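Working notes, beginning with the structure itself.
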Amino acid sequence: MSQSAFTYVDGVLHVEGVSAVTLAEQFGTPLYVYSRAALTDAYAAYARACAGRRASVHVAVKANSNLAVLNVFARLGAGFDIVSGGELARVLAAGGKAENVVFSGVGKGADEMREALDAGVKCFNVESIPELDRLNAVAGALGKRAPVSLRVNPDVDPKTHPYISTGLKANKFGVAFDEARATYRKAAALPHLDVVGIDCHIGSQITEISPYLDALDKVLELVEQIEADGTSIHHIDVGGGLGITYANETPPEIESFVRTLLERIETRGHGHREVFFEPGRSVTGNAGVLLTRVEFLKAGEEKNFAIVDAAMNDLARPAMYQAYHAIDMVVPRSDASKVYDVVGPVCESGDWLGRDRSLAVEPGDLLAIRSAGAYSFTMSSNYNTRPRAAEVMVDGTEAHVVRARETVRELFAGESILPR
Ligand SMILES: *Cc1c(COP(=O)(O)O)cnc(C)c1O
């Protein structure tokens with residue numbers, strides 16, 4: 001599906017109808033390139049499976065918060081899942097509607113709560129009693145009532161990387177399952193809150209459906225208890241987290257994933273409730289690549305290195321999570337390949353993008369780092385005073401710069417030296 005937006009035509013990688021060589025020449029490297037068609041296809045799979053049901057999709061902004069990306073989803077009618085006031089501002093600037101926004105996150109500031117209440121977001125996903133108290137106070141001061149769900153922690157193992165599993169007892173996220181019922185009673189008693197739903201999000205890059213079903217069963221049981229206590233639950237937010245194929249993972253197809261969860265909710269007698277999905281990676285991850293050019297080849301004593309112009313500041317996932325991203329030649333050579341570590345120019349041994357990759361490569365060649373549409377540009381930094389890469393979106397045969405490459409001047413424009 002979304003991968004088909006990235007194909008070889010006459011031996012050259014294309015993004016939709018545009019050659020990646022042309023993109024690199026025109027806009028420079030390192031360069032993030034997104035495909036509008038791939039974004040649209042992935043979102044459409046969610047939308048198709050939700051059609052005719054009381055179900056809606058809130059795209060997780062933190063996976064890719066470029067305004068053009070958000071705008072593509074907004075035009076398709078998406079809602080959004082945000083984790084900060086900054087992300088709310090982006091959604092609104094991109095043409096999204098506050099009434100379709102859910103506000104997640106474990107540490108919302110009072111000012112962020114105020115902005116979200118003023119904008120009129122659909123729901124606050126609250127993660128603790130102190131947060132309930134703060135939201136109640138902020139809403140009261142504004143003379144408003146805040147719509148809330150509690151994010152409950154179902155304590156299931158999503159079988160993913162420890163840094164991206166969030167639904168275990170040891171995680172900082174959510175209200176402990178055993179305390180959830182009492183916390184709902186407390187929320188229902190606060191005068192400036194409206195309890196409207198329940199929320200859970202068990203992790204990211206999940207490639208099996210069973211952890212979702214385990215979590216869902218626990219959440220539905222809790223919903224019955226909460227309603228027995230006299231608080232009605234209008235919606236169930238099942239979070240995000242569906243994995244993608246980086247190498248040879250085989251996650252469920254989006255449509256069958258959505259249908260399976262909706263069916264479980266119906267067969268358990270909860271079909272009258274609205275269901276929210278919060279996908280991030282699965283709608284953006286395979287809709288982007290990072291193009292980078294080889295600067296030097298270096299033979300070390302034990303390893304060969306391909307030193308490229310992208311680095312850990314551009315793509316942090318390998319350094320942060322030992323994440324694997326496929327790396328392909330933009331114009332494959334037929335020569336014999338060698339094994340390389342693909343590394344950047346940053347002064348850290350952790351600055352690698354791929355290890356032990358078999359490549360037939362020469363200095364000056366272009367590489368495409370795949371699956372770079374999610375948690376890639378959004379996690380980039382200016383470490384080593386490296387300007388962040390430009391972002392381009394391809395739409396058919398047209399390429400649009402959707403974020404200009406930063407300049408070095410911009411990086412220290414807000415800094416100043418002491419007067420004496
Ligand atoms: C990060 C996050 C998501 C999106 O997760 P993906 O793995 O990108 O689908 C959804 N909901 C919440 C609360 C999140 O923190």
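The values are calculated or read from the model by the stated rules, or taken from the named source; none is laboratory data. Values in this document were obtained by computation on a predicted structure and should not be read as measured data. Reconstructed Cβ throughout: ideal geometry from the backbone, glycine too, with neighbour counts over all protein chains shown. With ligands, DNA and RNA removed, areas are computed over all heavy atoms of the protein, side chains included. Shrake-Rupley method; radii C 1.70, N 1.55, O 1.52, S 1.80 Å.
Just to be sure I understand the model, the point goes 7 Å from the Cα along the line to the Cβ. What's the resulting residue 384 to residue 10 distance in nm?
Taking the two extended label points, one gets 3.6 nm.
How much FRET efficiency would the formula 1/(1 + (r/R0)^6) give for residue 194 and residue 397, where r is the Cβ-Cβ distance and R0 is 51 Å, rounded to 0.05?
The value I calculate is 0.55.
Taking the solvent-accessible surface of protein heavy atoms with a 1.4 Å probe, what is the per residue accessible area of the range 51-171 in Å²?
The answer is 39 Å² per residue.
Just grab the label-to-label distance for residue 253 and residue 133, each label 7 Å out from Cα along the Cβ direction, in nm (one decimal).
Output for this residue pair reads 5.1 nm.
Say R0 is 56 Å: what FRET efficiency, to the nearest 0.05, do residue 360 and residue 232 get from their beta-carbon distance?
0.35
Please compute the volume of the convex hull spanned by the alpha-carbon atoms of the range 236-394 and report it per residue in Å³.
In the range 236-394, the Cα hull volume divided by residue count equals 144 Å³.
Keeping all protein chains in the complex and leaving out DNA, RNA and ligands, what accessible area do you get for residue 129 with a 1.4 Å probe, in Å² to the nearest 10?
Here the residue's solvent-accessible area equals roughly 70 Å².
Averaged over every viewing direction, what's the projected area of the C-alpha convex hull for the range 105-277? Give it in nm², one decimal, please.
10.1
Want the number for residue 142 to residue 263: 0.36 nm per residue separation, take away the alpha-carbon distance, what's left?
Between residue 142 and residue 263, full extension yields 39.5 nm more.
Let me know the longest stretch in the chain that avoids all GluC sites (Glu not before Pro) found in a DSSP loop with at most 16 other C-beta atoms within 10 Å.
With a cap of 16 other Cβ atoms within 10 Å, the longest stretch comes to 1-207.
Of all accessible surface on the range 1-155 at a 1.4 Å probe, what whole percent is carbon and sulfur?
51
Considering only protein heavy atoms, with the full assembly of protein chains and a 1.4 angstrom probe, order 405, 388, 151 by accessible area, largest first.
So, going from the largest accessible area down, we get 405, 388, 151.
If R0 is 25 Å, what FRET efficiency do you get for residue 114 and residue 75 from their C-beta distance, rounded to 0.05?
0.30
Taking only protein heavy atoms and a 1.4 Å probe, what accessible area per residue, in Å², does the range 252-342 have with all protein chains in place?
I get 42 Å² per residue for this part.
Ordering 200, 347 from largest to smallest accessible area (1.4 angstrom probe), what's the sequence?
From most accessible down to least: 347, 200.
Please arrange 155, 118, 341 by accessible surface area, largest first, computed with a 1.4 Å probe and ligands excluded.
Greatest to least solvent exposure: 118, 155, 341.
Over the chain, what is the relative contact order in percent, taking alpha-carbon pairs closer than 8 angstrom and at least six residues apart?
Taking the mean separation of contacting Cα pairs over the length of the chain, I get 19 percent.
Leaving out ligands, DNA and RNA but keeping every protein chain, what accessible area does residue 234 have, in Å² rounded to the nearest 10, with a 1.4 Å probe?
So the heavy atoms of residue 234 present about 110 Å² to solvent.
So if I take the alpha carbon set of the range 309-420, get Rg, then get Rh from the Kirkwood formula, what is the Rg over Rh ratio?
We get a ratio of 1.04 for the range 309-420.
Dividing the Cα radius of gyration by the Kirkwood radius, what Rg/Rh value follows for the chain?
1.00
Kindly provide the helix-only [θ] at 222 nm of the chain, computed as the sum of -39,500 (n - 2.57) over DSSP H runs of four or more divided by all residues, to the nearest 500 deg cm²/dmol?
Counting only the DSSP helices, I get -9000 deg cm²/dmol.
Give, in nm to one decimal, the length gained when the segment between residue 409 and residue 322 is fully stretched (0.36 nm per residue of separation minus the Cα-Cα distance).
Gain on extension, residue 409 to residue 322, equals 28.1 nm.
Between residue 178 and residue 339, what is the spin-label point distance in nm, taking each point 7 Å from the Cα along the Cα→C-beta axis?
With each label point 7 Å from Cα toward Cβ, the separation is 4.8 nm.
From Cα pairs below 8 angstrom and at least 6 apart in sequence, can you work out the relative contact order of the range 105-277, rounded to a whole percent?
Over the range 105-277, the number comes to 20 percent.
Considering only DSSP states other than H, G, I, E and B, which chymotrypsin sites (Phe, Trp or Tyr not before Pro) in the range 238-346 qualify as loop sites with at most 11 other Cβ atoms within 10 Å?
Here no chymotrypsin sites (Phe, Trp or Tyr not before Pro) fit, given the DSSP loop and packing criteria.
State the percentage of accessible surface on the range 261-420 attributable to carbon and sulfur atoms; use a 1.4 Å probe and exclude ligands, DNA and RNA.
50
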